[in-house]
1. Measure nothing fancy, just the Cα-based angle from helix 296-311's long axis to the longest principal axis of the chain, in degrees from 0 to 90, nearest 10.
2. When a/c is below 1.5 the answer is rounded, else prolate if a/b is larger than b/c, else oblate, so apply that to the chain with a ≥ b ≥ c taken from the square roots of the Cα gyration tensor eigenvalues.
3. Can you compute the modelled spin-label distance between N215 and L155, with each label point 7 Å from Cα toward Cβ, in nm?
4. Taking the Cα atoms only, what angle lies between the long axis of helix 32-45 and the longest principal axis of the chain, rounded to 10 degrees?
5. Students sometimes get this wrong: rank E44, E76 by accessible area, probe 1.4 Å, all chains present, largest first.
6. For a quick check: with amide H placed at 1.01 Å from N, whose amide H comes under 5 Å from I273's, ignoring anything fewer than 5 positions away on the same chain?
7. Spelling out what I want: for every residue of region 91-96, take phi, set θ = phi - 60°, compute 6.51 cos²θ - 1.76 cosθ + 1.60 (Karplus), and round to whole Hz; glycine and proline get x.
8. Cβ neighbours within 10 Å, averaged per peptide: list 85-94, 162-171, 288-297 in order, most packed at the top.
Amino acid sequence: MVTMRDVAKVAGVSLGVVSRIVNQDPTLRVTEKTKKHVEKVVKELGYIPSKHAGHQVAVIMAFNEKRIITDPYFSELLNQIHYFCQKSTLRVSMTLWAANKLDLNCLQDYHGVIIIGPFTTSFITSIKKIVNCVVVIDDNTNIDQINQIKSDFNLVTIKILNDFKAVGRKRITFVGGDIEKINSSGKSWNNLVDVRLETYSQWMHKHALSPDIVNVGLTVEDGRKAGEYLINRRRNDEYNFPNAIIALNDLIARGIIDIFSENNIKVPNDVCIVGFDNLPITELKHPTITSVKIPIGDVANAAIRLLRDQINQTLTGVNIVTVPSKIISRESFKKIN
């Protein structure tokens with residue numbers, strides 16, 4: 001019998017990509033040529049997806065489809081979840097988006113749910129009442145009796161700040177965007193303080209330094225806006241300009257660096273910058289961006305293992321798994337060892 005793994009091998013793509021094409025995931029970031037090629041291989045090999053193969057899993061995203069398409073991190077996370085589901089005889093057969101009003105009754109026939117991103121506690125506990133096996137992937141969610149996957153963002157943020165301080169960079173700005181919890185109606189419910197921002201604020205106060213927080217958004221264009229704002233401050237007072245910046249993601253970091261370069265502000269000589277996610281955009285042009293690499297495959301694998309063990313009733317207690325990240329040093333800040 002032809003399997004999805006056979007299709008992936010012949011088509012020369014990952015198992016996750018095949019799974020998302022077969023399941024008609026509209027947020028998959030592949031070319032139309034690749035999609036048609038995989039569909040052709042599916043037809044030629046005679047692969048027939050079984051709606052009853054393995055345990056049925058739903059993925060619920062705290063973002064809309066546009067965010068997934070434009071954010072390479074979450075797109076790859078979905079790929080990896082599909083990949084490890086297939087290896088574990090689980091099957092992602094539905095993806096729900098927070099931008100839509102969610103009818104949780106549609107989850108009644110599912111064996112497990114993976115929740116990605118910040119949702120309200122009431123929303124997550126409502127899901128738990130319908131589907132007993134739940135895993136949450138989010139660094140800003142803390143709910144009793146729920147299995148969770150997190151990154152070590154607090155520790156890595158402290159390391160970045162300590163390294164800035166070690167080379168005399170104490171005018172440190174944090175650039176990010178608002179993070180919102182989502183409820184079952186797809187509406188935002190209070191802004192969250194990201195764990196990296198919270199860690200930054202605490203560290204700055206501990207070292208008798210004034211926090212400088214710039215909230216914009218999460219895109220390259222938002223990064224450019226943040227850079228322009230900081231440049232305008234510099235024109236009025238050069239000491240009101242940072243010599244180090246932590247950006248919430250690499251897209252923001254790229255936008256900041258680009259606008260700085262256009263205004264003859266040297267990175268890293270004038271200002272050091274570190275981003276998060278280690279996206280390909282970090283190496284597209286100079287100066288390249290020092291970034292925190294989150295092992296997406298490890299995050300997805302840990303989530304699927306937790307979900308599988310819950311479904312198989314082999315999991316003991318409630319587990320919170322912290323996946324260690326790694327700082328990849330590049331031109332925007334080379335001190336980190």
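The values are calculated or read from the model by the stated rules, or taken from the named source; none is laboratory data. Note that the structure is a prediction, hence the values are computed from the model and not measured. Backbone-built Cβ (ideal geometry, glycine too); neighbour counts: all protein chains shown. The protein model used for the area step is the full one, side chains on, heavy atoms only, and it has no ligands, DNA or RNA in it. Shrake-Rupley method; radii C 1.70, N 1.55, O 1.52, S 1.80 Å.
1. 40 degrees
2. On the way: a/c = 2.23, a/b = 1.66, b/c = 1.35.
Here the chain falls in the prolate category.
3. A separation of 3.0 nm, rounded to one decimal place.
4. 20 degrees
5. Largest to smallest exposure gives the sequence E44, E76.
6. Close amide H contacts, sequence-distant or interchain: I245, F333.
7. Going residue by residue, I get 9, 6, 10, 7, 10, 10 Hz, with x marking Gly and Pro.
8. Top to bottom by mean Cβ count within 10 Å: 288-297, 85-94, 162-171.
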